[in-house]
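Novice: One structure follows; several queries about it will come next.
Bear in mind these aren't lab numbers, they're just calculated from the coordinates by the rules spelled out. Owing to the predicted nature of the structure, the values given are computational and were not obtained by experimental measurement. We place every Cβ from the backbone using ideal geometry, glycine too, and count neighbours over all the protein chains shown.
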Amino acid sequence: MYEPLADNCNFDVQYLDDMPKGLSAFIKHGTIYMREGLTQKEERCYLAEEIQHNYYTAGNIVKQENVSSKKQEIIARRKAHLVLIPFNLLIECYDLGLRTYHEVANYLNVTEKFLHEAVTHFKQKYGLMYYDKKTKCYFNFGNTIHIYKEDNSSYSYDYGC
C-alpha cells in the first residue's frame, strides 16, 4: 500500500465527536480537527485536503457562504488529488495489475469517491487527452483511463465508471 503522506505531516491532529454539522475535518492554527469514526482512507483524504488548506486558503471558509470560500475549498481538494494520486502512481498501479477503481483506491489508500473525483478533476484540468512530461505518457480520461507510453506501447486501465 502506498503511504507518502505520513512522512510529511507535521500537524497536530485532534479527533472530535461534536464537529460542526456537515463537516468531517478542518484546520485551525496548525491543528487538524477530524470527526471521530472516519475510516483510515477517509482520514487520509481529509488530512491531505486540510494540509492543502493550510497552504492555499485563508480565513474561515467553513460555511461556504460566498464564491471565494467555495473556490478555496475546490482548490484545496484538487491539490489533494494531485498529492495522493499523481500520474506516476497510476502507472505503478497498472504495472501491478490493478485495473478497477476499487483496486487502485485500495492500493493508494484513498476512497473510491476521492479517486473518482480526482479523475473528474483531471478531465476538467487537462481535457480528455493529456501528455505528462514527467512520466512521458499520454493519459486518455474517457469512461476508462487509457495510458500510452511515448514509444507508442499502450497501457490500458479499465477503471470502469
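Novice: Which entries in Lys28/Lys133; Lys41/Lys79; Lys28/Lys134 show an alpha-carbon gap greater than 27 Å? Each step should come with its number before you reach the end.
Specialist: Working: Lys28/Lys133 36 Å; Lys41/Lys79 17 Å; Lys28/Lys134 34 Å.
Over 27 Å Cα-Cα: Lys28/Lys133; Lys28/Lys134.
Novice: Still on this structure: Using θ = phi - 60° and the Karplus curve 6.51 cos²θ - 1.76 cosθ + 1.60, what whole-Hz ³J(HN,Hα) does each residue of region 98-113 get, with Gly and Pro shown as x?
Specialist: Those phi angles translate into 7, 10, 9, 4, 4, 5, 5, 4, 5, 5, 7, 6, 10, 6, 4, 4 Hz.
Novice: Hey, another quick one. Step through the residues of region 40-54 one at a time and calculate ³J(HN,Hα) from phi using the Karplus curve (6.51 cos²θ - 1.76 cosθ + 1.60, θ = phi - 60°), rounding each to whole Hz and writing x for Gly and Pro.
Specialist: Once θ is set to phi - 60°, the couplings for region 40-54 become 4, 5, 4, 4, 4, 5, 5, 4, 4, 5, 5, 4, 5, 4, 4 Hz.
Novice: Out of residues 5 or more away from Val13 or on other chains, whose amide H comes under 5 Å of its own, with H placed 1.01 Å from N in the peptide plane?
Specialist: Ile32
Novice: Sum up the charges of everything whose Cβ sits under 14 Å from the Cβ of Lys125, counting Lys and Arg as +1 and Asp and Glu as -1, but leave Lys125 out.
Specialist: Values: positive: Arg77, Arg78, Lys79, Lys123; negative: Glu117, Asp132.
Neighbourhood net charge equals +2.
Novice: Through the Karplus equation 6.51 cos²θ - 1.76 cosθ + 1.60, θ set to phi - 60°, convert the phi angles of region 11-27 into ³J(HN,Hα) values in whole Hz; use x for Gly and Pro.
Specialist: 9, 6, 10, 10, 9, 10, 9, 10, 5, x, 3, x, 10, 9, 7, 7, 10
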